[in-house]
Amino acid sequence: MVTTTAPPPSAIKRPLVLLLALACGLTVANTYYAQPLLHAIAGDLGVGEATAGLVVTLGQIGYALGLVLLVPLGDLLNRRRLVTVVLLIGTAALLVVAVAPSIGVLDAAIVVVGLTSVAAQILVPFAATLAADHERGRIVGQVMTGLLLGTLLSRTVSGLIAQVAGWRAVFVVAAVLTLGLTFLINRSLPHHPPTTDHRYHHLLLSVARLMAREPVLRLRSAYGALAFVAFNALWTPLAFVLAAPPYRYAQAMIGAFALVSVPTAFITGTVGRLADRGHGRALTGLSLGLMLVGAGCAALGTRHIIMLAIGALVITLGTQCMHITNQSEIYRLDAAARSRITTAYMATYFGGGIAGSALAVTVYAAHGWGGVCVIIGGVAVAGLLLWCAEQLRQRLRTRA
């Protein structure tokens, strides 16, 4: 007689997982709505493409500031209240973007939009805290599916709305969605006691101490930064490529192009499960290899739309696999410090993203799409060298 052991029950109910996934997707989307609109923003506000391109970079600078200043509060304060206040401020900032009379006002407001979009990074470690040990990678992966769908579909939704009603309408719709989400979160998010009683400045200092103390956190932060350099180097100048000859796509088509990478959002649960089973190193090498192959495909994209689509899909797949693997690894380190671990990891991650956006816009202006693809390929090679060094170090440690 064969006996089977039933899987342990889940510690977090599925409706709450879906709400957290939805919340992460809608809040992080606020940071990306502008990407396919850069050409339209430049024309409406009378600025050059390079100046308009900085809108994306400034939004990510705001996001990085939020990671450093707001996310650690998730260990110190009631997360439901914290997320509610942050989202209300974000709603107001989105409305300012919608009516901005100049690029200066828009830039200032988009920094605040980025700052408040870190609500997603307060909710991801909250999901990890609520989940049981045996399901943490899977639950984080499911919540990240929502976050990634928000990242990817935001461009499509943005382009479609702008085609019909103009780019400003995009941010009005975003403000309405964010306000509705605020009320839903305030009613549904469970109460969970703070995990620390540190004062705020001690809390911030403890982030640096965690980074110094945890080699896994340092390594995974480095991988994450490299991956986000590649991701933003791909997507930031892509609107200019698609708006230029030979494609000459309208805003709706530029936004719809992002649909090619949507399937990558649905592999996050599988990646999380594989990471839970101890395959993190193999997934890391695979992720970097995908980024390198994707850079080669994307380099052919100035004349071949299919190759551009394949390159975008493969690069996005590699960067998202890396991100999920990294999160699965770092959330095993210290259960009482998950918000601060998120800050340490995501601040480095978005530092890479800021560098990727700024570098891609500059290189695109000087060397075109080919130069951007060289950046993506170079980042993948740097990551593979780091991965090989890690593998060698582990083998030497095992032999000793």
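Please verify whether segment 182-205 includes one or more residues that are more than 23 Å from the chain's Cα centre (by Cα), outside any helix (DSSP H, G or I) and among the β-branched types (Val, Ile, Thr). Within segment 182-205, one or more residues are more than 23 Å from the chain's Cα centre (by Cα), outside any helix (DSSP H, G or I) and among the β-branched types (Val, Ile, Thr).
Looking across segment 272-318 at every residue that is without any contact (Cβ under 8 Å) to a residue 24 or more places away in the chain and outside any helix (DSSP H, G or I), the one that is farthest from the chain's Cα centre (by Cα) is identified as HIS304. Would you check which residues across segment 190-206 are surrounded by 13 or more Cβ atoms within 10 Å (Cβ to Cβ) and either of a type in the set (Ser, Thr, Tyr) or in contact with a Phe, Trp or Tyr (Cβ under 8 Å, 6 or more places away or on another chain) (or both) and list them? Result: HIS192, THR195, THR196, SER206.
Among the numbered criteria (1) modelled with pLDDT of 90 or more; (2) part of a loop (DSSP other than H, G, I, E, B); (3) not small (Gly, Ala, Ser), which one does THR5 miss? Among (1) modelled with pLDDT of 90 or more; (2) part of a loop (DSSP other than H, G, I, E, B); (3) not small (Gly, Ala, Ser), THR5 violates only (1). In summary, helices (runs of 4 or more DSSP H) completely within segment 33-142 and bearing 3 or more residues that are at pLDDT 85 or above and under 15 Å from ALA23 (Cβ atoms) occur at 79-99, 119-130. Counting only helices (runs of 4 or more DSSP H) wholly contained in segment 207-260, the ones carrying 1 or more residues that are touching a Phe, Trp or Tyr at 6+ places or on another chain (Cβ under 9 Å), farther than 24 Å from ALA64 by Cβ and not acidic (Asp, Glu) occupy 238-243, 251-257.
Listed here are the residues, each with its yes/no results for (1) closer than 18 Å to LEU95 by Cα; (2) open to solvent by less than 10 Å² (accessible area, probe 1.4 Å); (3) touching a Phe, Trp or Tyr at 6+ places or on another chain (Cβ under 6 Å); (4) of a type outside the set (Phe, Trp, Tyr).
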position: ALA131; (1), (2), (3), (4): no, yes, no, yes
position: LEU148; (1), (2), (3), (4): no, yes, no, yes
position: GLY180; (1), (2), (3), (4): yes, no, no, yes
position: ARG187; (1), (2), (3), (4): no, no, no, yes
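Do we have any residue at all in segment 40-56 that's open to solvent by 30 Å² or more (accessible area, probe 1.4 Å) and hydroxyl-bearing (Ser, Thr, Tyr)? For segment 40-56, residues open to solvent by 30 Å² or more (accessible area, probe 1.4 Å) and hydroxyl-bearing (Ser, Thr, Tyr): present. Suppose the filter is at pLDDT 85 or above, of a type in the set (Gly, Ala, Ser) and more than 21 Å from THR57 (Cβ to Cβ); does GLY146 pass it? It is true that GLY146 is at pLDDT 85 or above, of a type in the set (Gly, Ala, Ser) and more than 21 Å from THR57 (Cβ to Cβ). Please list, ordered by first then second residue, the pairs with beta carbon atoms under 6 Å, 6 or more apart or interchain, first in segment 148-160 and farther than 22 Å from VAL124 by Cα, second modelled with pLDDT of 90 or more and not charged (D, E, K, R). Taking only residues 6 or more apart or on different chains, the pairs are SER158/TYR33; SER158/VAL170.
For THR325, the test of being open to solvent by less than 50 Å² (accessible area, probe 1.4 Å) and of a type in the set (S, T, N, Q) is passed.
The values are calculated or read from the model by the stated rules, or taken from the named source; none is laboratory data. Just so you know, these numbers come straight off a predicted model, no measurement behind them. Counting neighbours? That spans all protein chains shown, and the Cβs are built from the backbone with ideal geometry, glycine included. Ligands, DNA and RNA are stripped out before the accessible areas are found, and what is left, the full protein with its side chains, is counted by its heavy atoms. Shrake-Rupley method; radii C 1.70, N 1.55, O 1.52, S 1.80 Å.
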